[in-house]
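Structure, as structure tokens:
What follows is calculated from the coordinates using simple rules that are stated; it is not laboratory data. Computed from a prediction, not measured in an experiment: that's the story for all the values here. Cβ coordinates were reconstructed from backbone atoms using ideal geometry, including for glycine residues, and neighbour counts include every protein chain displayed.
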Amino acid sequence: MKIVVAVKQVPERDGVVRVDASGRGVDESDVAWTMNEPDAYALEEALQLKERGLASGDAGGEVVVVSAGPERVVSTLREALAKGADRAVHVVVESLEERDTLDVARLLVSAIEGEKADLVLTGLQSDDLGAGQTGVVMAELMGIPHATLVLGVEAVDGGIKVKRELEDGWFQHVEMKLPALLTVQSGGNKLRYATLMGIKRAKTKETKEASGAAAGVRKDEVVRVVAPSRAKSIEMLTGSVDEIAKKIAEKIGK
């Protein structure tokens, strides 16, 4: 079985992010980049499936990681290879800023369609935009079934069985035929670190480049990007105990 994992490179969570001069994007001149955390959980799920034998034991059984972006994306692909992925595909595009979700999904699908994957995994959403749409759109473009909010995967006769996280502590177990696409929820597994041996082995693993198509016409538009406000204010509540309690309840309910 072949598992393809789509990962995105995003700014580090604890890094300082500044709005660029246009006011419609992020100044990338001093940004530190890392693997999108939900995608890291998707990669971990793929690696564990491989270790349990779901992605091995037959001809072509492997984990392939794919990412779209400029040259800096290679560092994230190497991290995935160091953790245990077998091969990497770099979809070379100068920037993803001018592309909407549909355009990015088309890029990724075009890069992996020749892989004939049995299972495609992505993170539930990205840490930077948080749209949670790319994986679902990829499944639609590929014409395969999908499941979201996945916390676990196991092999069953004729396909896989996935555990989905629902609301209020409820879970759903769904059996699916392959090929299929899953968007993986964070927290389902404990993320592994790249070992020294894994880092050394990553240098010998294949990283293939795929040319990205020209950006299409966006269906949406980024009007303005602003940093979150950190303003603080204090309001003293006066009156009887009942009056103050009522005012607090009103403010909490807003």
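Points worth noting:
- Degrees separating the helix 241-252 axis from the principal Cα axis of the chain, which is the longest one: 30 degrees
- Estimated D of the range 108-200 in µm² per second, where Rh is the Kirkwood radius over Cα pairs and Stokes-Einstein applies at 10 °C, 1.306 mPa s: 109 µm²/s
- For the range 20-166: rounded, prolate or oblate by the Cα gyration tensor [a/c cutoff 1.5]: prolate
- In nm, spacing of pseudo-spin labels at R13 and K177 (7 Å Cα→C-beta vector): 3.9 nm
- Bridging of K205 to aspartates and glutamates at a Cα separation below 16 Å is possible for E62, E79, D86, once same-chain residues fewer than 8 apart are set aside.
- Coordinate range along principal axes, alpha carbons of the range 75-156, Å, largest first: 41, 29, 27
- Stokes-Einstein D in µm²/s, Kirkwood radius over Cα pairs - the range 2-252 at 4 °C with 1.567 mPa s viscosity: 65 µm²/s
- Cα-Cα over 28 Å, subset of K83/K163; K8/K163; K83/K219; K50/K177; K163/K190: K83/K219
- Rounded if a/c under 1.5, otherwise prolate or oblate - the range 73-121, Cα gyration tensor axes: oblate
- Qualifying GluC sites (Glu not before Pro) in the range 1-97, where qualification requires a DSSP coil assignment and no more than 10 other C-beta atoms within 10 Å, comprise E71.
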